[in-house]
Amino acid sequence: MTDHVLVINCGSSSLKFAAIDPRTGVAALTGLAERLGSPEASLSARLGEDRHGVTLAGGGHEAAMRAVLDVLDASGLTTRIGAVGHRVVHGGERFKSSVRIDDAVEAEIDACARLAPLHNPANLIGVRVARRCFPSLPHVAVFDTAFHQSMPAHAYLYAIPHSLYAEHGLRRYGFHGTSHRYVAAEAAQLLGRPLQDCALITAHLGNGASAAAVLNGHSVDTTMGLTPLEGLVMGTRSGDIDPSLVQFIGNALNQSADQVIDLLNRKSGLLGLSGLSNDCRTLQAAAEEGHAGARVALEVFCYRLAKHIAGLSAALPRLDALVFTGGIGENSAWVREQVLARLGLLGFAVDSAANARCVGGVAGPIHAAGSRTVLVVNTNEELLIARDTFALAGV
Ligand code: AMP
């Protein structure tokens, strides 16, 4: 019986995988191959309570995928895999939903690499290797950007010469689409109303972070832009800045624009502000012990988030719920409380006891009586990829 989907998330030197039953959401197998292409390359997998470790010494993505096949064979799962679902970061304007992969789709994903030069080529390696290793199975691409393709022009256009959009595709695309889509549907269930009749703001707060306005199941605005650098403060990304900073930082540090963009992506955000860590939990503990950098980093993070949530309200005719998700959104009662404290003008107030309860996988409402609705929802991007894959593969 082919009742599982193999979900693949391929990075430049890593390959994350899971065998998921899309009907139950249960992952029979999960694993990660890391440091691919280096002497330390290795794969670890978890099958129920069992853990497997394999060294891949110098092996790349092909070796990792073959090792995944071996683990599937050893666990008796190979014959139960009915399709392979791939996370692909950028689908440009071409992909507005998930799609069955063939050679033409592969070429179009390649063409979108212009917009995501760090991510799409790595995703594509995963697609190509998996299609070679699983030639008889249907393969499906699920895009981070696709959910936001419903944004109206006034939300996706930058106020720059229009020809840059028309001729070069330079516009806001948005990311984390699978997470925003998944938690919007979960929130609708918690609210007990159809997704087609819900006005939501979803805040995905992990190491990367973005918020989205979701109206009747469609994204109408989001905080990330052409790249994931725009919007909220993140673990190592600055989020919004004055674009002139690129020139000023370049002059101050004698760096090229590419180097400055790298600094804004990898050395900024919570890490840059605190000078300590990109990790919210670490910063909360340090702030409690009086670390000034940690405190200010968290304050900027929470303030920027509240400001963007208020801004996204302009995209909606009403607001049925604000939804927190992602590692920080699902676990940091402190961050949620700080953010909601800044949104009193919009009618938000937190129930501290409910807020404290909704951590470590517990979902539910956290607003006080008389407040607008606030929900904590656990995201599951892999499950959404598995569901889309099953639906499109027709298995
Ligand atoms: P993600 O990228 O979704 O895995 O989220 C990672 C982020 O979630 C990191 O900044 C973690 O510090 C943060 N996180 C996880 N658990 C907690 C927690 N209990 N309190 C605060 N932050 C947390």
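Kindly establish whether Val84 is in a helix (DSSP H, G or I), over 19 Å from Gly174 (Cβ atoms) and within 23 Å of the chain's Cα centre (by Cα). When the stated conditions are applied, Val84 does not pass them. With respect to the stated conditions, Thr373 is more than 30 Å from Ala83 (Cα to Cα), crowded, with 17+ Cβ neighbours inside 10 Å, among the β-branched types (Val, Ile, Thr) and away from the ligand (no atom under 16 Å from the Cβ).
Candidates Thr79, Thr30, Thr24: the one that is surrounded by fewer than 21 Cβ atoms within 10 Å (Cβ to Cβ) and assigned to a loop (DSSP other than H, G, I, E, B) is Thr24. Among the residues making up the stretch 255-285, those that are buried (at least 19 other Cβ atoms within 10 Å of the Cβ), polar (S, T, N, Q) and under 19 Å from the mean Cα position of the chain (by Cα) are Ser268, Asn278. From the list Ala153, Ala159, Ala146, which one is at pLDDT 95 or above and within 18 Å of the chain's Cα centre (by Cα)? Exactly one of Ala153, Ala159, Ala146 is at pLDDT 95 or above and within 18 Å of the chain's Cα centre (by Cα), namely Ala146.
Conditions (1) part of a loop (DSSP other than H, G, I, E, B); (2) within 16 Å of the ligand (Cβ to nearest atom); (3) among the charged types (D, E, K, R); (4) surrounded by fewer than 17 Cβ atoms within 10 Å (Cβ to Cβ), marked per residue:
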site	(1), (2), (3), (4)
Ala188	no, no, no, no
Arg193	yes, no, yes, yes
Gln196	no, no, no, yes
His204	no, yes, no, no
Ser219	no, no, no, no
Pro228	yes, yes, no, no
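Number of residues in the stretch 311-364 that are surrounded by fewer than 18 Cβ atoms within 10 Å (Cβ to Cβ) and of a type in the set (Val, Ile, Thr) equals 2. Just one of the numbered conditions (1) assigned to a loop (DSSP other than H, G, I, E, B); (2) surrounded by 19 or more Cβ atoms within 10 Å (Cβ to Cβ); (3) β-branched (Val, Ile, Thr) is not true of Thr178: (1). Within this structure, Arg281 passes the test of being within 13 Å of the ligand (Cβ to nearest atom) and in contact (Cβ under 8 Å) with a residue 40 or more places away in the chain. When the residues of the stretch 166-186 are filtered to those that are within 16 Å of the ligand (Cβ to nearest atom) and more than 29 Å from Arg114 (Cβ to Cβ), the one that is nearest to the chain's Cα centre (by Cα) is Val183.
Of the numbered criteria (1) assigned to a helix (DSSP H, G or I); (2) touching a Phe, Trp or Tyr at 6+ places or on another chain (Cβ under 9 Å), the one Val246 fails is (2). Does Arg132 meet the test of being more than 30 Å from Asp242 (Cα to Cα) and modelled with pLDDT of 95 or more? Answer is no for this residue. Filtered by the rule that a residue be of a type in the set (Gly, Ala, Ser) and surrounded by 24 or more Cβ atoms within 10 Å (Cβ to Cβ), the stretch 206-217 gives Ala209, Ser210, Ala211, Ala212, Ala213. Kindly provide the set of residues from the stretch 294-308 that are surrounded by 24 or more Cβ atoms within 10 Å (Cβ to Cβ) and touching a Lys or Arg at 6+ places or on another chain (Cβ under 9 Å), ordered by number. Scanning the stretch 294-308 gives a single hit, Leu305.
The values are calculated or read from the model by the stated rules, or taken from the named source; none is laboratory data. Here the structure is a predicted model, which means the values were calculated and not measured. All Cβ positions, even for glycine, are placed from backbone atoms using ideal geometry, and neighbour counts span all protein chains on display.
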